[in-house]
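Only one structure is covered here, and it is reproduced in the block below.
The values are calculated or read from the model by the stated rules, or taken from the named source; none is laboratory data. All figures in this text were calculated on a predicted structure; none of them were measured in a lab. Quick reminder, even Gly has a Cβ in these numbers, built from the backbone with ideal geometry, and neighbours come from all protein chains shown.
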Amino acid sequence: MDDLYRDHILDHYKRPRNFGELDPHDLAGSEHNPLCGDELAVQIRVKDGLIEDLRFQGQGCAISQAAASIASEELKGMELSAAGTLGADWMLELLGIPISATRRKCALLGLKVVRGAVSGDHDWPSGSL
Ligand code: FES
């Protein structure tokens, strides 16, 4: 089972979905992983309270890029208000493999940038995560 998830993550890393520019867009934001300095940005188009489309840009390790790619597919069509409150468990469950404490910020970088763009909460996740 683990191999399946690893292949899934590698596939998203090698062929990231929804990466690039989105013009026009309604919301945008960028965040970095303080442990490594890697940066990720997002542009989001909103229609009728839903995420109609989004694109990520930036760079990072395989986990961060794959997580953003996997999350992007789930976020399309989601209510904007719901996207702004998604928790770490949502992202970690989507990844489906054990994530060590040191890679946790990598795994959550994509969700961090989305939450920042949607809710303005740039402090998530807190230092304890
Ligand atoms: Fe930088 Fe993972 S090492 S985001």
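Are any residues in the range 1-36 assigned to a strand (DSSP E or B) and either more than 16 Å from the ligand (Cβ to nearest atom) or of a type in the set (Gly, Ala, Ser) (or both), and if so, which ones?
So the first thing to find is which residues in the range 1-36 are assigned to a strand (DSSP E or B), and the list is 19, 27-32.
Matches in the range 1-36: 27, 28, 29, 30.
Please work out which residue is surrounded by the most Cβ atoms within 10 Å (Cβ to Cβ), limiting yourself to the range 95-108 and to residues that are within 14 Å of the ligand (Cβ to nearest atom) and not basic (Lys, Arg).
108
Would you point out the residue of the range 72-110, among those that are in a loop (DSSP other than H, G, I, E, B) and touching a strand residue (DSSP E or B) at 6+ places or on another chain (Cβ under 9 Å), that is nearest to residue 3 (Cα to Cα)? Even if it seems obvious, please write down each step before you answer.
Step one: list which residues in the range 72-110 are in a loop (DSSP other than H, G, I, E, B), which gives 76-78, 84-87, 96-100.
Filter once more, so that each one left must be touching a strand residue (DSSP E or B) at 6+ places or on another chain (Cβ under 9 Å): 76-78.
Working: 76: 27, 77: 29, 78: 29 Å.
Among them, the one singled out is 76.
Please find, within the range 21-35, the residue that is nearest to the chain's Cα centre (by Cα) out of those that are more than 15 Å from residue 111 (Cβ to Cβ), modelled with pLDDT of 95 or more and surrounded by 11 or more Cβ atoms within 10 Å (Cβ to Cβ). Spell out the reasoning first.
We begin by selecting, within the range 21-35, every residue more than 15 Å from residue 111 (Cβ to Cβ); these are 21-26, 28, 34-35.
Next, only the ones that are modelled with pLDDT of 95 or more stay: 21-26, 28.
When the remaining residues are screened for being surrounded by 11 or more Cβ atoms within 10 Å (Cβ to Cβ), the result is 22, 25-26, 28.
Working: 22: 16, 25: 17, 26: 17, 28: 13 Å.
My answer is 28.
Say we look at the range 109-129 and pick out the residues that are at pLDDT 90 or above and among the aliphatic types (A, V, I, L, M); which of these is farthest from the ligand (Cβ to nearest atom)?
118
If we keep just the residues of the range 37-94 that are within 13 Å of the ligand (Cβ to nearest atom) and more than 11 Å from the chain's Cα centre (by Cα), which is surrounded by the most Cβ atoms within 10 Å (Cβ to Cβ)?
Filtering the range 37-94 for residues that are within 13 Å of the ligand (Cβ to nearest atom) and more than 11 Å from the chain's Cα centre (by Cα), the one surrounded by the most Cβ atoms within 10 Å (Cβ to Cβ) comes out as 60.
Tell me which of these residue 10 doesn't satisfy, since it passes every other one: (1) surrounded by 19 or more Cβ atoms within 10 Å (Cβ to Cβ); (2) farther than 19 Å from residue 121 by Cβ.
(1)
I need the full set of residues from the range 96-116 which are within 11 Å of the chain's Cα centre (by Cα) and aliphatic (A, V, I, L, M), in order please.
Hits for the range 96-116 are 107, 108, 109, 111, 113, 114.
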